[in-house]
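Single-structure report; data block below.
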């Protein structure tokens with residue numbers, strides 16, 4: 001079994017009873033440098049990453065028999081990374097998003113609802129008018145949270 005597949009299997013098994021899930025893997029071609037990104041309804045704690053890393057290390061010590069050294073990392077995807085799974089959206093309700101759609105349209109707006117296969121944004125249609133726009137997840141090529149350090153007025 002390839003090392004990437006082995007670590008993926010371990011992570012998925014360990015996350016079964018949690019609200020966290022694997023959202024991405026970055027690796028070099030030789031699969032000797034691997035980064036696994038997890039997310040969850042409430043984000044990801046350093047304790048969870050540490051627990052997963054320890055579990056993986058223990059299993060690799062027993063099952064990984066290759067002489068090639070490997071390096072792996074477990075972390076959250078980071079605030080600047082695109083969202084790739086519908087389960088990532090609820091924790092960002094009320095935040096501003098920038099989407100690139102399949103037809104190359106750029107859409108910006110505030111996330112106001114998350115469905116099973118779509119999201120709803122409040123988008124500006126003029127200076128003083130907003131409208132709700134429902135967007136199917138399958139039509140989103142890239143979805144990122146716009147980082148802002150301004151407080152929203154309540």
_Restricting segment 80-99 to residues that are within 9 Å of the chain's Cα centre (by Cα) and under 9 Å from residue 144 (Cα atoms), the residue that is surrounded by the fewest Cβ atoms within 10 Å (Cβ to Cβ)_ = 81
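Based on what the data block shows, is residue 58 part of a helix (DSSP H, G or I) and surrounded by fewer than 16 Cβ atoms within 10 Å (Cβ to Cβ)?
yes
Keeping to segment 124-146, report how many residues are assigned to a helix (DSSP H, G or I) and surrounded by fewer than 12 Cβ atoms within 10 Å (Cβ to Cβ). Before you say what the answer is, go through the steps one by one.
The initial filter retains those residues of segment 124-146 that are assigned to a helix (DSSP H, G or I), namely 137-139.
Filter again for surrounded by fewer than 12 Cβ atoms within 10 Å (Cβ to Cβ), leaving 138.
Qualifying residue count, segment 124-146: 1.
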*Filter segment 42-55 for residues that are part of a helix (DSSP H, G or I) and either in contact with a helix residue (DSSP H, G or I) (Cβ under 7 Å, 6 or more places away or on another chain) or surrounded by fewer than 12 Cβ atoms within 10 Å (Cβ to Cβ) (or both) and give the result.*
46, 47, 50, 52, 54, 55
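Please work out which residue is surrounded by the most Cβ atoms within 10 Å (Cβ to Cβ), limiting yourself to segment 61-79 and to residues that are over 20 Å from residue 28 (Cβ atoms) and without any contact (Cβ under 8 Å) to a residue 40 or more places away in the chain.
Looking only at segment 61-79, we keep the residues that are over 20 Å from residue 28 (Cβ atoms), and these are 61-63, 65, 76, 79.
Next cut, without any contact (Cβ under 8 Å) to a residue 40 or more places away in the chain only: 61-62, 65, 76.
Working: 61: 8, 62: 7, 65: 6, 76: 18.
Among them, the one singled out is 76.
A short reminder: the numbers here are calculations on the coordinates, not readings from a lab. Just so it is clear, the model here is predicted, and its values are computed rather than measured. So basically every Cβ, Gly included, is an ideal-geometry build from the backbone, and we count neighbours across all protein chains shown.
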